[in-house]
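See below for the structure under consideration.
The values are calculated or read from the model by the stated rules, or taken from the named source; none is laboratory data. Please read all numbers here as calculations on a predicted model, not as lab measurements. Neighbour counts are summed over all protein chains in view; Cβ atoms, including those assigned to glycine, are modelled from backbone coordinates with ideal geometry.
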Amino acid sequence: MSSFRFIHAADLHLGSPFQVLALKDAEIAAVFVEASRKAFSTLVTQAVDWQVDFFLIAGDVYDGDWKDNKIGLFFNREMARLERAGIPVFLLRGNHDALSVITKTITLPANVHEFPTNAPGSFRLEPIQVALHGQGFADRSATDNLAIAYPPPVAGWFNIGVLHTSLTGREPHAPYAPCSVEDLRSRGYDYWALGHVHEFEEVATDPLVIFPGNLQGRSIREQGAKGAVLVSVEDGRARHERVIVDEARFGAVEVMISPEDDANAVLAAVERAALPLAHDIEGRMLALRVRLAGVTPLYRDFATNRRQWHDEVQAACHRCHADIWLEKLELRLIAPSLSEGISTGAAFDLQHLFAADALPDDTLAQAQDLVSTIALRLPGGIGAGDLPLDVTVEALVEEARQLLLARGGGG
């Protein structure tokens, strides 16, 4: 069996609009939109430089249907670069670019081969004796176990299974094409190239089962380095190494505040927390979420002057690095005294009235209904995700509770 190398990528999500981020800062969102394309272009360049034998994409090339042909033309251009380098490409459709989802098309170069969506299909690379087996999604929701219908391996060849799947479950990803590692092993293949999960994961080593993760983080839930994997096969044994290509990142820090900290001390603590990340981003933009937590007499000032504090924390981040941008400021603060700010003759205690454990049982349900109503009115499909306002309902209720306490004199 010959030696060869290939790129295994997945979840490119080309065309992702980063709309939630755009609601906060359009300029930062534009950087992340461009980062997705740059990341893929970088990966293609490396594939050409390394002269890999082939290029695999395990689903979700596109984030959804195209508004126009621009994203299709971009992908065509990158595929043509691989064609000129003599590198074949094998791809299948995932839930985001299922056959029923993508209505527009651009004719791709002859080096691009797509797995069927109605049944498993196979491709063979005779010179290196590699067989690739896969099935794409016909519809966005694929609830069947596709893997168990994959064909038997080609004897004496290196067999690769390509599948867009959540396996037995990977939160927060939807349970598509569910199957177990045992199901994969039962096919007798030498490598499984998976997609759908956006975090890198070596699921198993016998055979090697890999989620490469996505090429570019798309929200605060997708932090850290992103990329694909380069797989090298020699004497039938595969080894892999990560190829990091992301152009911008998301990150988060939590800063604990003590009652003794004044405003300057709080901002200094933010700088100390952000500084290590400044050393790690290596020229990339970082969208940073900062959570402030602890007991502070500044509780009321934070709640009532949130915009000013947001800008001060942003300034602190910029003192660490010019390209650290505040994605969100989260406040998880507690007033130093439950009775602080409440007059002796107060008819009721706001702290007691709005205590987290004293809220009506249906508060969260009512809040969820309100969020759902708002989500339907958001433009461009922004509200279609799991977190349409990019924050949990519980966090929104807590933020409202703190603001009421601060403005009512309870903090």
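What's the number of the condition N118 fails, among (1) in contact (Cβ under 8 Å) with a residue 40 or more places away in the chain; (2) farther than 30 Å from V33 by Cα?
(1)
Could you grab the pairs with beta carbons closer than 7 Å, sequence gap of 6+ or different chains, first residue in segment 43-55 and farther than 13 Å from V231 by Cα and part of a helix (DSSP H, G or I), second one of a type in the set (D, E, K, R) and at pLDDT 95 or above?
Short answer, once both residue conditions are applied: V44/E78; V44/R81; V48/R81.
Taking segment 29-42 as the search range and keeping residues that are touching a Leu at 6+ places or on another chain (Cβ under 8 Å) and surrounded by fewer than 23 Cβ atoms within 10 Å (Cβ to Cβ), which one is farthest from Q223 (Cα to Cα)?
Ranking the candidates gives R37 first.
Name the strands (runs of 3 or more DSSP E) wholly within segment 178-258 that hold at least 1 residues that are in contact (Cβ under 8 Å) with a residue 12 or more places away in the chain and either surrounded by fewer than 19 Cβ atoms within 10 Å (Cβ to Cβ) or not assigned by TED's automatic domain parsing to the domain that holds I57 (or both)?
201-205, 227-234, 237-244, 248-257
In segment 296-323, how many are over 20 Å from Q223 (Cα atoms), of a type in the set (S, T, N, Q) and in a helix (DSSP H, G or I)?
Going through segment 296-323 one residue at a time, the tally reaches 2.
If R77 passes every condition in (1) surrounded by fewer than 21 Cβ atoms within 10 Å (Cβ to Cβ); (2) within 29 Å of E327 (Cα to Cα) but one, which one does it miss?
With (1) surrounded by fewer than 21 Cβ atoms within 10 Å (Cβ to Cβ); (2) within 29 Å of E327 (Cα to Cα) applied to R77, the lone miss is (2).
Looking only at segment 184-229, which residues are within 27 Å of A149 (Cα to Cα), within 10 Å of the chain's Cα centre (by Cα) and of a type in the set (A, V, I, L, M)?
Answer for segment 184-229, where residues must be within 27 Å of A149 (Cα to Cα), within 10 Å of the chain's Cα centre (by Cα) and of a type in the set (A, V, I, L, M): just V197.
Going by what's in this entry, would F250 be described as within 27 Å of D60 (Cβ to Cβ) and modelled with pLDDT under 95?
Spelling it out, F250 is indeed within 27 Å of D60 (Cβ to Cβ) and modelled with pLDDT under 95.
L163 fails exactly one of the following numbered conditions: (1) out of contact with any helix residue (DSSP H, G or I) (no Cβ under 7 Å at 6 or more places or on another chain); (2) within 23 Å of L230 (Cα to Cα); (3) in contact (Cβ under 8 Å) with a residue 60 or more places away in the chain; (4) crowded, with 19+ Cβ neighbours inside 10 Å. What is the number of that condition?
With respect to (1) out of contact with any helix residue (DSSP H, G or I) (no Cβ under 7 Å at 6 or more places or on another chain); (2) within 23 Å of L230 (Cα to Cα); (3) in contact (Cβ under 8 Å) with a residue 60 or more places away in the chain; (4) crowded, with 19+ Cβ neighbours inside 10 Å, L163 is out only on (1).
Quick check on my filter: what residues within segment 93-108 are touching a Leu at 6+ places or on another chain (Cβ under 8 Å) and either surrounded by fewer than 20 Cβ atoms within 10 Å (Cβ to Cβ) or among the aliphatic types (A, V, I, L, M) (or both)?
I106
Somewhere in segment 286-295, is a residue assigned to a loop (DSSP other than H, G, I, E, B) and exposed (fewer than 15 other Cβ atoms within 10 Å of the Cβ)?
Within segment 286-295, none of the residues are assigned to a loop (DSSP other than H, G, I, E, B) and exposed (fewer than 15 other Cβ atoms within 10 Å of the Cβ).
Filter segment 3-56 down to the residues that are of a type in the set (K, R) and at pLDDT 85 or above, then identify the one that is farthest from D311 (Cα to Cα).
Here the answer is R5.
If you go through segment 134-159, how many residues are without any contact (Cβ under 8 Å) to a residue 40 or more places away in the chain and either closer than 21 Å to S180 by Cβ or acidic (D, E) (or both)?
11
Out of curiosity, is L275 of a type outside the set (D, E, K, R) and under 27 Å from G224 (Cα atoms)?
yes
Just to be sure, is A149 surrounded by fewer than 17 Cβ atoms within 10 Å (Cβ to Cβ) and in contact with a Leu (Cβ under 6 Å, 6 or more places away or on another chain)?
No.
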